[in-house]
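Structure first, then comments.
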Amino acid sequence: MRSLFLIFLLVSNLIFSQIVKPNNKVTEVDQDTLVVNSGKNDSLKIFNPTISDYRFQTQFSEKKVFDTLLTHDKSYSFSQYTNHDNFGAIQYANIGSGYNSLTYNWNGQYDLSLMPTNKSYGIVAADQVKYYDVKTPTTAFVFHNGISNGASLYSTYTQNIGKRFNFAIDYFGLRSQGAYQKSLAVNNNTTISTHYISKNNRYELFGHFIHQNITNQENGGITNEYDLLYQAGNSEISNRQTIPVNFSDSYSRFAYRRYYLSHQLALFDIARFPFKINHTFSNQSNKYYYEMSSADLSLFSDAIDHKNNSSKKFSDNLSNSISLLYDAEKFKLDAGIRHQLIRLGTNNEALLGNPMLPEYRENRLGLVGNLKYKFSDVFSLASKLELSKGSVFGNYILSQNSLFIQPIKDYTLHAFANFKSSAPGFNYLVNSSPVLSYNFQMPFFQNENALSFGGELGMKFWQTKFFAKYHRIENYTYLNRFYQPEQSSEAVGIAQLGGETTMNYGRFFLNTRLQFQQNSSGKDMLPLPNFLGRANFFYQSRAFKDKAEIQTGIKVYYFSKFNSREFSPILNEYALPGLTSFAIGGQPIVDAYFNFKVKKMFFFIEGQHLTTLISPNKVYAAPHYPFYDFRLNLGIVWYLFS
């Protein structure tokens, strides 16, 4: 805290370029580079960049300005190691160890690939990579302290070479000991991206390379005996590092690597003939490793103690697509073909005599298409379609459709309808393990058919949003309580209703978010809490003669009690509750925070899980995995626009 105070003194005298008034409006003028004459008789001009000169985008999307405002939503994102709001999930007792999801979200990003559920948090998909356009070299840092010991740091350096070429290097490193023994987390991520557009605007290129590693010690949760003591609030186990855990020396690691290039060329004058040829190349490799010690293997009656007590499986996706793009100002249509070479494999060295195939391999051919129509700022439409066919993983269909309407001033409507038919996630199709009961292959699967539709009504008044969604999944694939994959005979249906609003009185604000959800069918296959809620009461004001801004408040996060699925460290997936499982939830999680901003530096200081200061902690992230006790979380965000 002494170091933090010194940093604050050093930067508090700097004048800051963006201030948020109580109504969250930016006070500075949003304009491009200012040009200042250096003297009356001097032809030299001085360029003074503004915040609008520092922008980023994802592939072929609209550019956005760097967000250097202190808003309430940042108290949700920059208090998490992923830098994303965790509403709808609950974190384990260590950063870098994933989350237990409390809601269902439709997702088509990881289809036809190996992606263990608890390793997917923090993975950067191709359409999430950022490309930059900056007037001067720019650096950004995001820091979080770890649990018990350690920290995480996300850093970005980006620079334009000329007006039309940019490169960026991102690095994320995390190492945290965790609240419980044998729960070390080590993550790292390197991303190199580039963007180029020709002088005549007829050629544009996006490219990136990404390599991510997520490594965790897996302790299997605390033992059943100490589960009872924890739930009773026994004071004798206040030292969490002394609580016995199920595994003593087991590790999981997920490696994710992708080479990506997408470019488009207009052969003729685009003003007269707005057609372009688009080509996209992607080579993605996913690998999952799990290693157990002989002592941990001895806990299983059907284990094979082999010289190499480890398992590995992998998937590769080599993809090439070419399409013709009609690129007008208000209407864009892209249609073409795609070829994919997909591999899914596992090592079964430890499984002598097991007939499991070591590798599945297929060539796939399909169609891709995208449509965007923007009539004006009050109406837009977007649609995406993918079709492909293969001899091993069957047919694949993906359809995503969204509509935006502003029927009257200060009211907006977002509607969506999504559908996909795909083979189950590859982590459910095959597994090779020294523990024989965790071995499976699923060659005769049926496609999962997932339909999702709904809408969101937004109102300017109190920044209010109401939403309604419905999800229906046929042939839903899950792990039974014996950790074997099955597909449901009945469809899983989930209805979700909710809303969010931010009320204010002067400089006092109250942000609330509620979500009600109900399984209309298939509740036993996908148990979820019926209610999630969050309230954030805070005060926000300028300080130190308008040279800084402060935000302080208290947050409460709650989800109703439900019979959560159990976490399987061997698979890094969630299975139906077993005989020793129990319900979690029904207890509020209270945090108090003090955030402040000076120029382009933010400090997020948060006392998390305050209730454990006055009463025993009985909150679980998942059965056998307790939630962390009170901790002081520090987040620092710093933008350097050179």
Task: Exposure ranking of LEU114, LEU69, LEU387 by accessible area [1.4 Å probe, largest first] - done: LEU387, LEU69, LEU114
Open item on the list: Tell me the accessible surface of GLU500 in square angstrom (1.4 angstrom probe, heavy atoms of protein chains only), to the nearest ten.
Closed with: 50
TODO: Taking the Cα centre of region 58-123 as origin, work out the dipole magnitude from +1 charges on Lys and Arg Cβ and -1 charges on Asp and Glu Cβ, in debye rounded to 20.
DONE: 120
- [ ] Give the residue from TYR121, PHE404, LEU341 lying farthest towards the positive end of the charge dipole for the chain; charges sit on Cβ (+1 for Lys and Arg, -1 for Asp and Glu) and the dipole is referred to the Cα centre.
- [x] PHE404
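Ignoring ligands, DNA and RNA, what percent of the accessible area of the chain is carbon or sulfur (1.4 Å)?
58
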TODO: Extending each Cα 7 Å along its Cβ direction at ALA271 and PHE466, get the distance between those two points in nm, one decimal.
DONE: 4.9
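Give me the 1.4 Å probe accessible area per residue for region 422-474, excluding ligands and nucleic acids, in Å². Can you show the working numbers first?
Working: 2340 Å² over 53 residues.
Ligands and nucleic acids excluded, the result is 44 Å² per residue.
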- [ ] For region 557-642, report the accessible area per residue in Å² (1.4 Å probe, heavy atoms, rounded to an integer).
- [x] 33
TODO: Work out how much length SER437 to TYR171 would gain on full extension: take 0.36 nm times their residue separation and subtract the Cα-Cα distance, in nm to one decimal.
DONE: 91.9 nm
Task: Rounded to whole Hz, the Karplus (6.51, -1.76, 1.60) HN-Hα couplings of region 585-593, x for glycine and proline - done: x, x, 9, x, 10, 10, 10, 10, 9
Open item on the list: Can you tally the net charge around ASN595? Count Lys and Arg as +1, Asp and Glu as -1, for every other residue whose Cβ sits under 10 Å from the Cβ of ASN595.
Closed with: 0
Task: Cα-centred dipole magnitude for the chain, charges only on beta-carbon of K, R (+1) and D, E (-1), debye, nearest 20 - done: 1920
Task: Under the Karplus curve 6.51 cos²θ - 1.76 cosθ + 1.60, θ = phi - 60°, whole-Hz ³J(HN,Hα) for region 378-389, x wherever Gly or Pro sits - done: 10, 8, 8, 9, 9, 8, 9, 9, 9, 9, 7, 9
Open item on the list: Let me check against my output: what whole-number percent is the relative contact order of the chain, with C-alpha pairs under 8 Å and at least 6 apart?
Closed with: 11
- [ ] Determine the per residue accessible area of region 110-180 with all protein chains present and a 1.4 angstrom probe, expressed in square angstrom.
- [x] 40
- [ ] Treating each Cα of region 563-640 as an identical point scatterer and ignoring solvent, apply the Debye formula and state log10 I(q)/I(0) at q = 0.12, 0.15, 0.25 Å⁻¹.
- [x] -0.53, -0.70, -1.07
Open item on the list: Projecting each Cα onto the charge dipole of the chain (Lys/Arg +1, Asp/Glu -1 at the beta carbon, about the Cα centre), which of LEU576, ILE51, SER79 comes out farthest on the positive side?
Closed with: ILE51
Open item on the list: Please give the charge dipole size of region 494-610, origin at the Cα centre, charges +1 on K and R Cβ atoms and -1 on D and E Cβ atoms. Round to the nearest 20 debye.
Closed with: 640
Open item on the list: Would you report the distance distribution of C-alpha pairs in region 111-222 as whole percents per 10 angstrom bin, up to the bin with the largest distance?
Closed with: 12, 34, 28, 17, 6, 2, 0
- [ ] Sort the chain into rounded, prolate or oblate with this rule: let a ≥ b ≥ c be the square roots of the eigenvalues of the Cα gyration tensor; rounded if a/c is under 1.5, and if a/c is not under 1.5, prolate when a/b is larger than b/c, oblate otherwise.
- [x] oblate
Open item on the list: Of SER541, GLY522, PHE314, which is farthest towards the positive pole of the chain's charge dipole, taken about the Cα centre with +1 and -1 on the beta-carbons of Lys, Arg and Asp, Glu respectively?
Closed with: SER541
Task: Inter-probe distance in nm under a simple model that places probes 7 Å from Cα toward Cβ, at VAL392 and TYR505 - done: 6.4
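The values are calculated or read from the model by the stated rules, or taken from the named source; none is laboratory data. Being a predicted model, the structure only gives us computed values, none of them experimental. Note that we place each Cβ from the backbone using ideal geometry, even for glycine, and neighbour counts take in every protein chain shown. To get the accessible areas, we keep the full protein, side chains included, count just its heavy atoms, and leave off ligands, DNA and RNA. Shrake-Rupley method; radii C 1.70, N 1.55, O 1.52, S 1.80 Å.
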